[in-house]
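K.L.:
Have a look at the structure that comes next, please.
Every read-out reported here was derived from the displayed coordinates using simple, explicitly stated rules and does not represent laboratory data. Remember, it's a predicted structure, so these values are computed and weren't measured experimentally. Cβ coordinates were reconstructed from backbone atoms using ideal geometry, including for glycine residues, and neighbour counts include every protein chain displayed.
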């Protein structure tokens, strides 16, 4: 950076910091985008969709796959999930985990697998003193698409319309859960601000 560049930057910076209209725009933007906690949303399963939102509005998302390999011992899937989730919680300074609460499963194996992922999530939330927020499948779909019975393609399409590029429906579901949890957080903050 040259001396001239730094003077120009300083000049514009000082104008920006003293302009009341610019300051009001920044404050309004901060109110609409920021929240007071870092939130992690999970679509629990072998293909685990996840989305993190920090207090500044930065969102990181993806899908982590825990399909067991032939050479893994029986507990390796759970060890890997636990290690991954702890790392995600610690590195992102998470305060709250919102997750999709599934009541009906296609078969016993799916129910057992979901139960194991949920138990580990509860254990990690408890170990790190995090709030755990379950949300029903229909609630998420209705919040995200306006239809409580939206199909996977509709969830992905909605994520794309909001500027995201989900790898799959698991990731799209996690983004929807995160959006719902963020909306709940804003309602909570608004209610406390008015009291």
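K.L.:
How do 37, 80 rank when sorted from fewest to most other Cβ atoms within 10 Å of their own Cβ?
P.N.:
If I rank by nearby Cβ atoms, fewest first, I get 80, 37.
K.L.:
Let me ask something else. Could you list 114, 61 so that the one with the fewest beta carbons within 10 Å of its beta carbon is first and the one with the most is last?
P.N.:
Ranking 114, 61 by Cβ neighbours within 10 Å, fewest first, gives 114, 61.
K.L.:
Here is a follow-up. I need to check one value: relative contact order of the stretch 36-193, counting alpha carbon pairs closer than 8 Å and at least 6 residues apart, in percent.
P.N.:
RCO, the stretch 36-193: 30 percent.
K.L.:
For the residues 165, 50, what sequence is obtained by ranking on other C-beta atoms within 10 Å, fewest first?
P.N.:
The order, fewest Cβ neighbours first, is 165, 50.
K.L.:
With the cut-off at 1.5 for a/c, could you classify the stretch 28-156 from its C-alpha gyration tensor as rounded, prolate or oblate?
P.N.:
In terms of gyration-tensor shape, oblate.
K.L.:
Can you bin the stretch 30-91 into rounded, prolate or oblate? Criterion: square roots of the alpha carbon gyration tensor eigenvalues sorted a ≥ b ≥ c, rounded for a/c under 1.5, prolate for a/b above b/c, oblate for the rest.
P.N.:
In terms of gyration-tensor shape, prolate.
K.L.:
Just to verify a number: FRET efficiency for residue 90 and residue 149, C-beta to C-beta distance, R0 = 45 Å, to 0.05?
P.N.:
E(calc), rounded to 0.05, equals 0.75.
K.L.:
Kindly state, to the nearest 0.05, the FRET efficiency for residue 167 paired with residue 129, given R0 = 30 Å and r defined as their beta-carbon distance.
P.N.:
It comes to 0.45.
K.L.:
Pull up the DSSP beta bridges for the stretch 36-193 and report the antiparallel fraction as a percent, rounded to 5.
P.N.:
Given both bridge residues lie in the stretch 36-193, the antiparallel proportion sits at roughly 55 percent.
K.L.:
Could you check the simple spin-label distance between residue 188 and residue 59, using points 7 Å along Cα→Cβ, in nm with one decimal?
P.N.:
1.9 nm
K.L.:
Per 0.36 nm of contour for each residue apart, how much would the distance between residue 160 and residue 109 grow if the chain were fully extended, relative to their Cα-Cα spacing?
P.N.:
Fully extending the segment from residue 160 to residue 109 adds 15.2 nm.
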